[in-house]
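The values are calculated or read from the model by the stated rules, or taken from the named source; none is laboratory data. Values in this document were obtained by computation on a predicted structure and should not be read as measured data. Neighbour counts are summed over all protein chains in view; Cβ atoms, including those assigned to glycine, are modelled from backbone coordinates with ideal geometry. Each accessible area value is taken on the protein alone, full model and side chains, heavy atoms only, with ligands, DNA and RNA left out. Shrake-Rupley method; radii C 1.70, N 1.55, O 1.52, S 1.80 Å.
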Amino acid sequence: MPRLGLILDFGGVLTTPVPDCARSFARHEGLPEDAFLHAFAVDPAGKALYADLERGKITQAEWNTAMGALLGLADAENLLGRVLRDLHPEPRMIRAAQSARRAGVKVGILSNSLGSAPCDPYDGYDLETLYDAVLISEKYRMRKPDAEIYTIMLDLMGLPARECVFVDDTARNLPPAEKLGMATVLATTSAATIAQVEALLGLPVGGRV
């Protein structure tokens, strides 16, 4: 069956890996290397804060203050911006997405939000002009893996699930897409991810200009 849609996560797909910059941040702040990763992915209080940020229940500034306290930092000013300081674009994936689009594939972004102020993680990526549909979770007061957010994304794409490929770097975000009928790819290295996308689309997108 031809697949005419490609839905991409943002962080860890169009960017370098998020855990890498989280560890870099911890080292820079004089914390144990996995302190931030543990705080937002393991600690129940940190996980709840992160979920509230992604759903737009709290602002980024509020998250900065609360997470700073959880980490024991004296200064929480622009904490998220400091965490993401070493997060950079992943050029091969960005080129591959645009190559697919030029070949006639609709390409969309489905991203859990990190807020937009004082740090805008999406700044400089031209999401609104380079992609056919963009869904940032906070605008809908839900987040991946909430099931409904995937159906909203499909509506924005104007395609049925069976015609779409969904790429995300977080394994727990894939099953709801699979249940709807999307083909899924767990993003790892750009080369491996692109190879899987090419196989599913039947197109040599390859990350080339």
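Some notes on this structure:
- Packing rank of 162-169, 196-203, where each peptide gets the mean count of other beta carbons within 10 Å, highest leading: 162-169, 196-203
- For the peptides 122-128, 14-20, 94-100, the ranking by mean Cβ contacts within 10 Å, running from highest to lowest, is 94-100, 14-20, 122-128.
- Using 0.36 nm per residue and subtracting the Cα-Cα separation, the extra length available between residue 199 and residue 29 on full extension is 57.0 nm.
- Point-charge dipole on Cβ atoms (K/R +1, D/E -1) for the chain, about Cα centre, debye to 20: 620
- Value of Rg to Rh for region 1-113 (Rh from inverse mean 1/r over Cα pairs, i.e. Kirkwood): 1.07
- Value of [θ]222 nm, deg cm²/dmol, for the chain, DSSP H segments ≥ 4, -39500 (n - 2.57) each, nearest 500: -12500 deg cm²/dmol
- Here the scattering of the chain is modelled by Debye summation over its C-alpha atoms, one equal scatterer each and no solvent; at q = 0.09, 0.12, 0.15, 0.18 Å⁻¹ the log10 of I(q)/I(0) is -0.34, -0.61, -0.93, -1.27.
- The chain - accessible surface per residue (Å², probe 1.4 Å): 46
- Estimated inter-spin distance, residue 45 and residue 172, nm [label 7 Å along Cα→Cβ]: 2.0
- Ranking 137, 84, 158 by how far each Cα lies toward the positive end of the dipole of the chain (charges on Cβ) leaves 158 at the top.
- Two-site label geometry, residue 186 and residue 85: point separation in nm, points 7 Å out along Cα→Cβ: 3.2
- Between region 150-209 and region 1-38, the Cα center-to-center distance that results, in Å: 18
- Solvent-accessible area assigned to carbon and sulfur over region 1-104 amounts to 56 percent, based on a 1.4 Å probe.
- For the chain: relative contact order, % (alpha-carbon pairs under 8 angstrom, 6 or more apart): 28
- FRET efficiency, 1/(1 + (r/R0)^6) with R0 41 Å, evaluated for residue 102 and residue 147 via beta carbons: 0.80
- Hydrophobic long helices, here whole DSSP H runs in the chain with Kyte-Doolittle means of at least 1.0 and Cα atoms spread over 20 Å or more along the helix axis, are not found.
- Its residue count N sets the reference 2.2 N^0.38 Å, and the alpha-carbon radius of gyration of region 41-165 equals 1.18 times that reference.
- Counting only lysines at least 8 places from residue 106 when in the same chain, those with an alpha carbon closer than 27 Å to its own are 139, 144, 179.
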